[in-house]
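Note sheet for the following structure.
The values are calculated or read from the model by the stated rules, or taken from the named source; none is laboratory data. Computed from a prediction, not measured in an experiment: that's the story for all the values here. Using ideal geometry, Cβ is built from the backbone for each residue, glycine included, and neighbour counts are taken over all protein chains shown. Surface accessibility is based on the protein's heavy atoms, side chains included, excluding ligands, DNA and RNA. Shrake-Rupley method; radii C 1.70, N 1.55, O 1.52, S 1.80 Å.
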Amino acid sequence: MKQIYLFLLLIFSVTSIQAQKNLLNLIVGTYTNSCSSRGIYVYEFNTQKAQIRLKKSSDSISSPSYVSLSKDGKYMYAVNENGNESTVSSFSFDPVSGKPSSINKVDSKGADPCYLINDDSNVIVANYSGGNIAVFGKNADGSLTEAKQVVQHYGKGANPERQEKAHVHMVYFSPDKKYVLSTDLGTDKIYVYNYNPTATTDVLTLKDSVSVTAGSGPRHLKFSKNGKFVYLLQELDGSITSFSYLDGKLSKVFETSILAKDFKGTFSAADIEISPNGKFLYASNRGEANNISVFKILKKGKLAFKGQTSTLGKGPRSFVIDPTGKFLLVGHQYTNNIVIFKIHKRKGTLTDSGKSFDLCSPVCLIFGEGSEVKK
């Protein structure tokens, strides 16, 4: 009898551990000026069943439109997008309870921050309307220092309504963390900066800049899984440009579009992601399109169009793929919901899972780094 009991206990323990491995923290940043929202929401996401359970939210904060976790998962950083009154916030984060607790906030040093990244030393912020990059140091308790550096971009583009000045839309580490890449929608350029994390002032120094098609509006980029290529999504003309990448140097190799050939309506390209297996690329489009385009990643940076899927909502500003590669979750800024799609493992195509949940203006979705899941 004792042996049977121990055997059942072992089975229960293994099953429990396996079940926990299938649970991830899904962290969602929202806009708070259009509907009722506390700011940041943390959900438990089951990677086997695509089930969602709300764990905690932040205390009420202003429009955390982009959120980033520290590598160890103990701290969370968010931009607070609020025009000239914008700030950057730090939080301690309990991954078990899901509660983000405010530590401090500092002036963003530029209007309307829309993206940020962090490592052990710094938090680096893209200020869209300010047209600059701000670098903040980290203290031992996870709090932010005042800005160590502000890098201002200058110039304008061919579109007088959207490119009247510099609009920094993204900052992104190279895979080896030697460089920080920045997209500027207003000047139609990608900037590549040398990254000196322990420097007191000149954390970023310009290495190179690459111009893209006039009026295209660079928005977001992603590295290939092997780090040899960069894929750039351009908001204003819906194009995706592939670059070969080597030690901070970008060379254009291919270009295509996320627009269907017969599409005539308004559009606004938004987010770009690569599947965990590195085989497929996804890009979302807003306006009257409200869809996600799927591409197969070929050799030498080329892409093959595999189809489009309606996101079943309006304003798919952000989406995320779970680490198992089974599900893609889309946040809709204007219909205030998140829709879950199944990913076909071999084809990369998307189908509606039938599951969605409501949330005010979800515009940033990330999964907790370092979580262990069954693939």
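Comparing S37, S101, S68 in a Gaussian network model of the chain (Cα springs below 10 Å), the most mobile by mean-square fluctuation is S101.
Solvent-accessible surface of region 234-364, averaged per residue with a 1.4 angstrom probe and all protein chains in place: 43 square angstrom. For region 99-109, the Karplus equation 6.51 cos²θ - 1.76 cosθ + 1.60, evaluated at θ = phi - 60°, returns couplings of 8, x, 10, 4, 9, 7, 9, 9, 4, 6, 6 Hz by residue, with Gly and Pro reported as x. By the helix-only formula, in which each DSSP H run with n ≥ 4 contributes -39500 (n - 2.57) and the sum is divided by residues, the chain has a 222 nm mean residue ellipticity of -2000 deg cm²/dmol. Judged by the ratio a/c of the largest to the smallest principal axis of the C-alpha gyration tensor, region 282-325 counts as oblate, that ratio being 1.5 or greater while a/b is no larger than b/c. For a test of the definition: using alpha carbon positions, the gyration tensor, and the 1.5 limit on a/c, classify region 223-375 as rounded, prolate or oblate. Oblate is the answer for region 223-375, as a/c is 1.5 or above yet b/c matches or exceeds a/b.
The HN-Hα couplings worked out from phi for region 271-288 by the Karplus form 6.51 cos²θ - 1.76 cosθ + 1.60 (θ = phi - 60°) are 10, 9, 9, 10, 4, x, 7, x, 8, 9, 10, 10, 9, 9, 9, 9, x, 8 Hz, whole numbers, x standing for Gly and Pro. Farthest toward the dipole's positive end in the chain, which of N132, T200, G325, given Cβ charges of +1 (Lys, Arg) and -1 (Asp, Glu) about the Cα centre? Positive-most Cα among the choices belongs to G325. Note on the chain: with charges restricted to the Cβ of Lys and Arg (+1) and Asp and Glu (-1), its dipole about the Cα centre is near 1680 debye. Here the Gaussian network model covers the chain, with springs between Cα atoms less than 10 Å apart; of S211, S361, S268, S211 fluctuates the most. Note that region 22-39 has calculated 3J(HN,Hα) couplings of 8, 10, 10, 7, 9, 10, 10, x, 10, 8, 10, 9, 10, 7, 7, 8, 8, x Hz, one per residue in order, obtained from phi through the Karplus relation 6.51 cos²θ - 1.76 cosθ + 1.60 (θ = phi - 60°); glycine and proline are x. Protein heavy-atom accessible surface, 1.4 Å probe, per residue over region 46-174: 41 Å². Stretching the chain fully between S211 and E288 yields a gain of 24.9 nm (0.36 nm per residue, less the alpha carbon separation). Between the alpha-carbon centres of region 29-82 and region 132-208 there is a gap of 24 Å.
Among the listed pairs K249/K279; K55/K355; K252/K342; K71/K228; K49/K71, give every one whose C-alpha distance is greater than 25 Å.
The pairs that break the limit, which is 25 Å between Cα atoms, are K252/K342; K49/K71.
Close amide H partners of M170, meaning residues 5 or more places away or on another chain with modelled amide H under 5 Å apart, are T183. For F305 and D202, a Förster radius of 35 Å and the Cβ-Cβ distance give a FRET efficiency of 0.25, rounded to the nearest 0.05.
The distance between label points at S102 and S60 comes to 1.1 nm (points 7 Å beyond Cα on the Cα→Cβ vector). Label-to-label distance, V253 versus N33, with points set 7 angstrom from Cα along the beta-carbon direction: 4.1 nm.
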